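**Student:** Quick one: structure below, then a few questions.
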Amino acid sequence: MRQWLSCAVALGLGAVPLPPLIGQARQPTTPPLILVKAGRLIDGRADAPLVGGGILIDGDRIKAVGPLAQVQAQARGVRLIDLSQMTVLPGFIDAHTHLLLQGDPTAQSYNEQLLYESTPYRAILAARNARIALEHGFTAIRDLETEGAMYADVDVKRAVERGEIPGPRIFASTRAMAPTGMYPIVSDNWELELPHGVQPVDGVEGARLAVRQQVAHGADWIKFYADRRYYFTPDSVLHSWVNFTDDEARAIVDEAHRLGRKVAAHAIGSDGIAAALRAGVNTIEHGDGMTDSLLDVLVARGVYWVPTVTVSVYVAGPRGGPWGPMVAHQRQAFAHGLKKGVKIVLGTDVGGFPWTELNEAKEFGYYVQYGMTPMQAIKSGTSLAAELLGEPGLGVVAPGTYADLVAVAGDPLKDITELERVRFVMKAGVTYLTQ
Ligand SMILES: [Zn+2]
């Protein structure tokens, strides 16, 4: 009930406990000026919060930010949103999600979704997931492939943009890529043509064609799987089998960059990470097998690391094998990366765990456990994530940026888990959740 109510309020319909009509959803009524009173304001950029802040919002953008009295002086006849008992932050950004997936701790749970659920059914669940993300305070996500659901992420994005369904800003990567036979579903039964979790891509020309096809169908980002089959050697180095030849991987990156798209590489073992870096990717996903020398390359080239700790912990038990030791290895590498100044951006891999089971904001807590200060963790899921996306209008509360705000009751600098209990969410000046 809370969910429908919040949406109805967002659309200016009052407390009607029914979903809004589609026609009305297309035209949310946003008053021209809003003044938000913020008890404590963490703006995503400053190292300390501002106590007693004011935020003036004009349409979908922030017009002014500062001490309340100062901002109030410019605000006549405004609508007031009183968050003076709360901490206000920029909307969160999750740099690694899967809207079209409902958890895949085991191969069986993955295969069942691809074999027994239609893409339309999966897209309906994705629409629900988009709402969950928004109500957990995530006003932007980078969705890193549909796992066999083709270009349905672009459809969900379109529906959000048109106001048909509530959801975060979506940066979509569509199908992702791996060479033939190197990504599920692969079966011993050669008589069956089974669904592919990614677009199978072979050869340099095939790589360029796949990038062009994905961009043509709406990909904002290009993703490829750099490796698979992870194993430790006795020296505690996490290795992997590399998927693409260097020529193929370079062709993917080169073509993507040529078309103005950045590239994310799934890379877990040290061999996969090294291969992805040789190819010139922009972000390393998971990166459990980071070594000191690989971390140095990330720093030197300004490559972002998106560790997705929540999913690592979630799948370690059900998957067994190296997956448990991989969590411990990643924790150590995370500490080294922090010391070296690697740009670590918050990403959860939600969809790898069910959207309905864990709140993505749990990831902030892991980063604090792993050595970040609460403020560093907040920046990794706001301003630094916006930098990864190349979106200066997101991730900070500042004049000219989008009015994407969340509020929590307590002080997340004292207890980071406050971020898992969001009380207020605004996207583009429209309130979607208020408690
Ligand atoms: Zn993922």
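The values are calculated or read from the model by the stated rules, or taken from the named source; none is laboratory data. Just so it is clear, the model here is predicted, and its values are computed rather than measured. Cβ sites come from the backbone with ideal geometry, for glycine too, and all protein chains shown count toward neighbours. What goes into the accessible areas is simple: the full protein's heavy atoms, side chains included, and nothing from ligands, DNA or RNA. Shrake-Rupley method; radii C 1.70, N 1.55, O 1.52, S 1.80 Å.
**Student:** Tyr304: net charge of surrounding residues, Cβ under 9 Å, Lys/Arg +1, Asp/Glu -1, itself excluded?
**Tutor:** Charge balance in the 9 Å sphere: 0.
**Student:** Let me ask you something else. Considering the options Leu100, Ile57, Gln199, tell which one lies farthest towards the positive end of the dipole of the chain, charges being +1 on Lys and Arg and -1 on Asp and Glu at the Cβ, about the Cα centre.
**Tutor:** Ile57
**Student:** Can you find, among Ala251, His239, Tyr225, the residue farthest towards the positive end of the dipole of the range 201-301? Put +1 on the C-beta of Lys and Arg, -1 on that of Asp and Glu.
**Tutor:** The Cα lying farthest towards the positive end belongs to Ala251.
**Student:** What list of ³J(HN,Hα) couplings, whole Hz, do you get for the range 310-316 from phi and the Karplus terms 6.51, -1.76, 1.60, once you set θ to phi - 60° and write x for glycine and proline?
**Tutor:** 4, 6, 4, 5, 5, 8, 4
**Student:** Quick one: check the C-alpha center-to-center distance for the range 199-275 versus the range 371-435, whole angstrom.
**Tutor:** About 31 Å separates the Cα centre of the range 199-275 from the one of the range 371-435.
**Student:** Note down the net charge around Met182, summing +1 for each Lys or Arg and -1 for each Asp or Glu among other residues with Cβ under 12 Å from its Cβ.
**Tutor:** -1
**Student:** To continue, here is another question. Tell me which residues come under 5 Å, amide H to amide H, from Val345 once H is placed; ignore anything under 5 positions away on its chain.
**Tutor:** Hits under the 5 Å cutoff: Trp305, Val306.
**Student:** Separate question: By a straight-distance test (C-alpha under 18 Å), which lysines pair with Lys340 as possible cross-link partners, with residues fewer than eight away in the same chain excluded?
**Tutor:** Lys379
**Student:** Just the number please: accessible area per residue for the range 97-235, 1.4 Å probe, all protein chains included, in Å².
**Tutor:** 42 Å²
**Student:** If you take all C-alpha pairs in the range 50-172, what percent of them are over 25 Å apart?
**Tutor:** Taking all Cα-Cα pairs of the range 50-172, the fraction more than 25 Å apart is 41 percent.
**Student:** On to the next question. Which number comes out as Rg/Rh for the range 135-210 once both Rg and the Kirkwood Rh are worked out on C-alpha atoms?
**Tutor:** 1.09
**Student:** Tell me the per residue accessible area of the range 256-318 using a 1.4 Å probe; a whole number in Å² is fine.
**Tutor:** Accessible area per residue, the range 256-318: 29 Å².
**Student:** Same structure again: If you roll a 1.4 Å probe over the range 137-248 with all protein chains in place, what percent of the accessible area is carbon or sulfur?
**Tutor:** 53 percent
**Student:** In whole percent, and with a 1.4 Å probe on the protein chains, what portion of the accessible area of the range 305-400 is carbon and sulfur?
**Tutor:** The value for the range 305-400 is 55 percent carbon and sulfur by accessible area.
**Student:** Counting only DSSP beta bridges with both residues in the chain, what percent are antiparallel, rounded to the nearest 5?
**Tutor:** Around 50 percent of the beta bridges assigned by DSSP in the chain are antiparallel ones.
**Student:** Could you do me a favour and compute the accessible area per residue for the range 324-417, 1.4 Å probe, result in Å²?
**Tutor:** On a per-residue basis, the range 324-417 sits at 32 Å².
**Student:** For the chain, the longest stretch holding no GluC sites (Glu not before Pro) located in a DSSP loop with at most 12 other Cβ atoms within 10 Å is which?
**Tutor:** In short, 1-190.
**Student:** Would you mind counting up the charge near Ile268? Only other residues with Cβ under 9 Å from its Cβ, with Lys and Arg at +1 and Asp and Glu at -1.
**Tutor:** -2
**Student:** What is the antiparallel percent of DSSP beta bridges lying wholly in the range 176-297, to the nearest 5?
**Tutor:** Of all bridge pairs located within the range 176-297, approximately 25 percent are antiparallel.
**Student:** Efficiency by 1/(1 + (r/R0)^6): what FRET value for Ser84 and Thr356, r their Cβ-Cβ distance, R0 = 35 Å, to the nearest 0.05?
**Tutor:** 0.60
**Student:** Can you give the log10 of the normalised intensity I(q)/I(0) at q = 0.08, 0.13, 0.14 Å⁻¹, computed with Debye over equal Cα scatterers of the chain?
**Tutor:** Those come out to -0.43, -1.12, -1.28, one per q.
**Student:** Same structure again: For the cross-link pairs Lys223/Lys262; Lys343/Lys414; Lys262/Lys343; Lys157/Lys427, which exceed 18 Å when the distance is taken from alpha carbon to alpha carbon?
**Tutor:** Long pairs (Cα-Cα over 18 Å): Lys343/Lys414.
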